[in-house]
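Remarks on the structure that follows.
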Amino acid sequence: MNPSLTASARHQSAAAAANWEATYRQMVLYDLAADIELGFFLAYYRNFAVPTIAATLHHNGEIIERPMKRSYDTAIVTYELVTCGSNSDRGRHMIRLLNHAHRHVPGSQDDFLYVLLTLLVVPIRWARTHAWQAPTPAEETAATRFCQELGIRMNIAGIPATFPDAEKFFDSYERNNIAYSPAGAQLMASTLQVLKSRLPTAARPLTRPMLSAMFDDDRLTDALGLPRATQLSKALLNPALRTRNAIHRRRPLSTMPHFVPGQAGSSLHPNGYRLDDIGPEYIMTPASQPGGEPS
């Protein structure tokens, strides 16, 4: 392993709980950056597998009409909070945006808690299984604290105190709520275009089976209207990830963060973005909830 990776891994393992922001930032922006980003994407898709959540997202229309903007804006909000912190000026702007956008969104407290915990459980589980190195206990604790702080600022009740507790809630919620819905399948189909745009042209026909192999969960892929993962697709994915990890372990840790606030990073914002560029065009109001028209 490259000495810079070893040194960072040792530092992350010994990180104090009080330094959770720095620990989480180091994991997300440097040490496990590629895998945590992929985990965030998988977490985003997972919401479509819950019919009540899918119905609300479908009714709002943002994902169907502007799938790329909604996907990238969601990622930018998350990375702004990780990079700058919830108490920074940029972080407070993002918290205000989240609370404004969700103020009149229907759903139970468990629905909102589940959406929050996808940002915690899905990336950590993906990294445990597929990253060049599994997250350290200190990193898992830091990730949990990040979601706790975000949930508190969004007035979400019942946030688990530990990562194992978060996993228990997450798994129980999915057992009781994941199911196929036409709305969820349509949201998934619209959002797949964003993933395809990030792939080489030759790989784009493989987007659906590749995503199914990443989920590796028949119940989930059925709910999303995706083909079930095959032994072939998994046989292609897993060796590719192992090869990638073997190469990664021999390279030095990047000195450039995975995300820089305000800078370009996508075809949607080729010249960078201002904070006011981020956010949905339509915000749900009491009159625009299911049964009415979006406004």
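The values are calculated or read from the model by the stated rules, or taken from the named source; none is laboratory data. This structure is a prediction, so every number in the text was calculated from the model and none was measured. As a convention, Cβ positions derive from the backbone with ideal geometry for all residues, glycine included, and neighbour counts pool all protein chains shown. Each accessible area value is taken on the protein alone, full model and side chains, heavy atoms only, with ligands, DNA and RNA left out. Shrake-Rupley method; radii C 1.70, N 1.55, O 1.52, S 1.80 Å.
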> Could we say that residue 9 is modelled with pLDDT of 95 or more, open to solvent by less than 50 Å² (accessible area, probe 1.4 Å), not in a helix (DSSP H, G or I) and not acidic (Asp, Glu) here?
Replying inline: no
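If a residue counts only when it is among the β-branched types (Val, Ile, Thr), which helices (runs of 4 or more DSSP H) contained entirely in segment 96-204 have at least 2 such residues? Don't jump to the end; show me each part of the working.
On the way: elements: 109-130, 137-153, 163-177, 182-197.
Here the list reads 109-130, 137-153, 182-197.
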> Could you list, in sequence order, the residues of segment 198-251 that are under 27 Å from residue 184 (Cβ atoms) and among the charged types (D, E, K, R)?
Replying inline: 198, 204, 208, 216, 217, 218, 219, 222, 228, 234
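Please work out if residue 54 is in contact with a Ser or Thr (Cβ under 7 Å, 6 or more places away or on another chain), in a helix (DSSP H, G or I) and modelled with pLDDT of 95 or more. Spell out how you get there, then give the answer.
On the way: in contact with a Ser or Thr (Cβ under 7 Å, 6 or more places away or on another chain): yes; in a helix (DSSP H, G or I): yes; modelled with pLDDT of 95 or more: yes.
It is true that residue 54 is in contact with a Ser or Thr (Cβ under 7 Å, 6 or more places away or on another chain), in a helix (DSSP H, G or I) and modelled with pLDDT of 95 or more.
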> Is at least one residue of segment 80-99 at positive phi and modelled with pLDDT of 95 or more?
Replying inline: yes
> When segment 244-295 is examined, which residues are found to be open to solvent by less than 80 Å² (accessible area, probe 1.4 Å), modelled with pLDDT of 85 or more and among the polar types (S, T, N, Q)?
Replying inline: 245, 254
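If you scan segment 149-160, which residues turn out to be open to solvent by 20 Å² or more (accessible area, probe 1.4 Å) and in contact (Cβ under 8 Å) with a residue 12 or more places away in the chain?
149, 153, 154, 155, 156, 157, 158, 159
So is residue 64 closer than 30 Å to residue 175 by Cα and crowded, with 19+ Cβ neighbours inside 10 Å or not? It would help to see each step written out before you state the result.
Working: closer than 30 Å to residue 175 by Cα: yes; crowded, with 19+ Cβ neighbours inside 10 Å: no.
Taking the combined requirement at face value, the residue does not satisfy it.
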>> From the list 163, 112, exactly one residue is within 26 Å of residue 83 (Cα to Cα), surrounded by 19 or more Cβ atoms within 10 Å (Cβ to Cβ), modelled with pLDDT of 95 or more and under 16 Å from the mean Cα position of the chain (by Cα). Which is it?
In response: 112
> Of the numbered conditions (1) farther than 27 Å from residue 102 by Cα; (2) assigned to a helix (DSSP H, G or I), residue 223 satisfies every one except a single condition; which is it?
Replying inline: (1)
> Which of the residues belonging to segment 12-38 are open to solvent by less than 60 Å² (accessible area, probe 1.4 Å) and not in a helix (DSSP H, G or I)?
Replying inline: 15, 16, 32
